[in-house]
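Taking it in order: structure first as structure tokens, then the write-up.
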Amino acid sequence: MLSDIELMRLHVKALFKHNSENRMTVVNEPPYDAAPLIFMGATKDGNVVRYSNSLDVDIVERMEQVVRTDPTDLVELIKVLSAGYELKNISFGPAYAFPKIREQTSTKAMKVTYENREILKPHFPYTFEDFEYKQPCFVIFEDDRIVSICCSARQTSKADEASVFTHEDYRGKAYGLDVTNAWAKEVQKQGRIALYSTSWDNFASQSLARKLHLVQYGTDIHMS
């Protein structure tokens, strides 16, 4: 069983691409937007901190000094960053790992493959276009449309991050639970760690995490 800080390291590697100096470069999914200025993953075992490769060396050195002194001093980190950059967004949220998924006795979830991926086109065109990067992908099909979907948002050879959506007219039927469990089971079958993260103000997403019995291993902080 991996420790919380090991899971956090897998998490940040899945979220962002890194250069040879372990600095974040871009978001690890098309269209590869710029990574945040700083990522901090807090766990009970310690923190995982990553800096953007766009940051000036002196700013990074000053932030590292703050982190070494008191990694919980976000006010000072923000002050250091704001001295050289305009901060537009600061987000916080829980990071979860899936437990081992047991055999599902009954499921409506259908796996999307290269052979049937055309079903994504009408309502999930971006998933269709980037299908190479979104596998595994599972959907629930009802009333001639996809009503729930879960796929890999970002991934590495060791871990996948889940992306799940259920159409508002079909919520309350446990479709999100079904399709996400199917996705996680396939990720685990392929020998990778299934991860899930969200923001503290996304209560629906946190509710899904509770129903899935996910294990919170830390908290994300993104500053961009």
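The values are calculated or read from the model by the stated rules, or taken from the named source; none is laboratory data. A quick note: this is a predicted structure, and the numbers were derived from the prediction, not measured. Every residue, glycine among them, receives a Cβ derived from its backbone with ideal geometry; neighbour counts consider all protein chains shown.
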Margin query: With the structure loaded, tell me whether ALA153 is surrounded by fewer than 22 Cβ atoms within 10 Å (Cβ to Cβ) and part of a strand (DSSP E or B) or whether it fails that test.
Written below: yes
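Among the residues that make up the range 60-74, is at least one of them in contact (Cβ under 8 Å) with a residue 60 or more places away in the chain and either of a type outside the set (A, V, I, L, M, F, W, C) or part of a helix (DSSP H, G or I) (or both)?
Scanning the range 60-74, I find at least one residue that is in contact (Cβ under 8 Å) with a residue 60 or more places away in the chain and either of a type outside the set (A, V, I, L, M, F, W, C) or part of a helix (DSSP H, G or I) (or both), so the answer is yes.
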Checklist line | Pairs, first within 21 Å of GLU64 (Cα to Cα) in the range 27-53, second outside any strand (DSSP E or B) and among the polar types (S, T, N, Q), C-beta under 6 Å, six or more apart | finding: PRO36/SER224; LEU37/SER224; ASP45/SER3; ASN53/ASN19
Next item on the list: Please state which of the following conditions ILE146 fails to meet, knowing it meets all the rest: (1) touching a helix residue (DSSP H, G or I) at 6+ places or on another chain (Cβ under 6 Å); (2) over 17 Å from ALA194 (Cα atoms).
Entry: (1)
Note to self: Within the range 77-84, does at least one residue satisfy the condition of being at pLDDT below 95 and not in a helix (DSSP H, G or I)?
What the structure shows: no
Margin query: When you scan the range 104-120, do you find a residue that is among the aromatic types (Phe, Trp, Tyr) and modelled with pLDDT of 95 or more, even just one?
Written below: yes
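Here is a yes/no grid of residues against (1) touching a strand residue (DSSP E or B) at 6+ places or on another chain (Cβ under 9 Å); (2) part of a helix (DSSP H, G or I):
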| residue | (1), (2) |
| --- | --- |
| TRP183 | yes, yes |
| GLY191 | no, no |
| GLN206 | yes, yes |
| ASP220 | yes, no |
Margin query: Tally up the residues in the range 74-109 that are within 30 Å of TYR217 (Cβ to Cβ) and surrounded by 11 or more Cβ atoms within 10 Å (Cβ to Cβ), please.
Written below: 25
Next item on the list: Collect the residues in the range 167-217 that are in contact with a Gly (Cβ under 8 Å, 6 or more places away or on another chain), surrounded by 18 or more Cβ atoms within 10 Å (Cβ to Cβ) and in contact (Cβ under 8 Å) with a residue 60 or more places away in the chain, keeping them in residue-number order.
Entry: SER197, THR198
Next item on the list: Residues being among the β-branched types (Val, Ile, Thr) and either in contact with a Gly (Cβ under 7 Å, 6 or more places away or on another chain) or not assigned by TED's automatic domain parsing to the domain that holds GLU21 (or both): count how many of those fall in the range 38-82.
Entry: 3
